[in-house]
Amino acid sequence: MDTVTAATKSRRGFASMTPERQREIARKGGKSVPGDQRSFAKNPELASAAGRKGGLAVNAAKRSFSVDRQLASQAGRKGGHASRNTRSEDDVISGGA
């Protein structure tokens, strides 16, 4: 679907914008935020507090790992197995790098 058709269906969203406007927005995403403007990088306590606050915002009954330790254990084990299986066949034959 081209941008002209998308624009006639809806006047909202990234896809309905002109290609120039899309490029303008995309260009902003490629720029890094300077270190002095990243508050979490300067203040680990603030980052910790924000993470804690976010975790507490979830209903306790829906925090499955905090409620079901066995489920958390299974997920960790599954992740551990998955990370071990990322080696290529050549790495296994040569003994890894």
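The values are calculated or read from the model by the stated rules, or taken from the named source; none is laboratory data. Being a predicted model, the structure only gives us computed values, none of them experimental. Note that we place each Cβ from the backbone using ideal geometry, even for glycine, and neighbour counts take in every protein chain shown. Heads up: the accessible areas ignore ligands, DNA and RNA and are worked out on the full protein's heavy atoms, side chains in. Shrake-Rupley method; radii C 1.70, N 1.55, O 1.52, S 1.80 Å.
Okay, residues lined up against (1) modelled with pLDDT under 85; (2) surrounded by 10 or more Cβ atoms within 10 Å (Cβ to Cβ); (3) of a type outside the set (Val, Ile, Thr); (4) in a loop (DSSP other than H, G, I, E, B):
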{"residue": "ALA7", "(1), (2), (3), (4)": "yes, yes, yes, no"}
{"residue": "GLU20", "(1), (2), (3), (4)": "no, no, yes, no"}
{"residue": "SER32", "(1), (2), (3), (4)": "yes, no, yes, yes"}
{"residue": "GLU45", "(1), (2), (3), (4)": "no, no, yes, no"}
{"residue": "GLY55", "(1), (2), (3), (4)": "yes, yes, yes, no"}
{"residue": "SER73", "(1), (2), (3), (4)": "no, yes, yes, no"}
{"residue": "VAL92", "(1), (2), (3), (4)": "yes, no, no, no"}
{"residue": "GLY96", "(1), (2), (3), (4)": "yes, no, yes, yes"}
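When PHE40 is tested against (1) open to solvent by less than 100 Å² (accessible area, probe 1.4 Å); (2) modelled with pLDDT of 75 or more, exactly one condition is not met: (1).
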